[in-house]
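What follows is a short report on a single structure.
The values are calculated or read from the model by the stated rules, or taken from the named source; none is laboratory data. It should be emphasised that the depicted structure is a prediction, and the values quoted were computed from it without experimental measurement. Reconstructed Cβ throughout: ideal geometry from the backbone, glycine too, with neighbour counts over all protein chains shown.
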Amino acid sequence: MSRLILLGLLLCVAACTAPQGKKLAMNSGLAPVATGPATKAALLTLNNRDEMISLNPNATVTVTLPSYNRDGYEWRLAEIPDPTVLKLVSKEYTPGGNWTKPGEQTMVFQAVGPGDVDVKMWYGTLWASPMDAARPYAFVASVSPEEPKPAKKAKKRSKKS
């Protein structure tokens with residue numbers, strides 16, 4: 001009996017973990033969604049599927065997707081992004097106005113280090129496979145090597161008589 005319980009726990013842990021993704025080659029050729037030295041935060045929705053987002057170190061990407069969050073259905077990572085480039089810092093669900101309207105599931109990622117990483121998500125339950133997902137969602141996060149330095153301010157010269 002205890003072996004059966006142990007086997008069940010091992011299967012549950014294996015099913016609940018997503019494989020870890022890898023860094024992509026820099027400049028994968030996709031057009032960026034948001035770029036520039038001032039990119040501190042970005043917001044992605046269902047309309048930004050399969051796009052690239054350029055980020056500075058420590059910037060955040062907030063992904064907001066429609067979700068009913070019933071019977072175990074929610075947005076899940078198909079693979080964990082390379083933690084040296086991007087990490088998931090929060091995940092929450094906000095219900096819709098009533099039971100017939102979808103709510104929103106929000107995931108916030110933070111840029112950690114330089115590189116490009118593919119973020120793949122799918123909508124389903126723990127009992128389903130990411131391969132069965134009817135609604136996959138993906139984007140590429142491109143983190144620049146260093147945060148831009150603020151422009152130097154010109155010093156005012158004092159008038160000497």
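A few remarks follow.
- Within the stretch 53-68, the set of residues being more than 23 Å from T94 (Cα to Cα) and either among the basic types (K, R) or surrounded by fewer than 17 Cβ atoms within 10 Å (Cβ to Cβ) (or both) comprises P57, N58.
- Lone qualifier among A34, A42 - being under 18 Å from the mean Cα position of the chain (by Cα), modelled with pLDDT under 90, part of a loop (DSSP other than H, G, I, E, B) and buried (at least 18 other Cβ atoms within 10 Å of the Cβ): A34
- Residue count for the stretch 65-115, restricted to those that are aromatic (F, W, Y) and either closer than 14 Å to R135 by Cβ or in contact (Cβ under 8 Å) with a residue 40 or more places away in the chain (or both): 4
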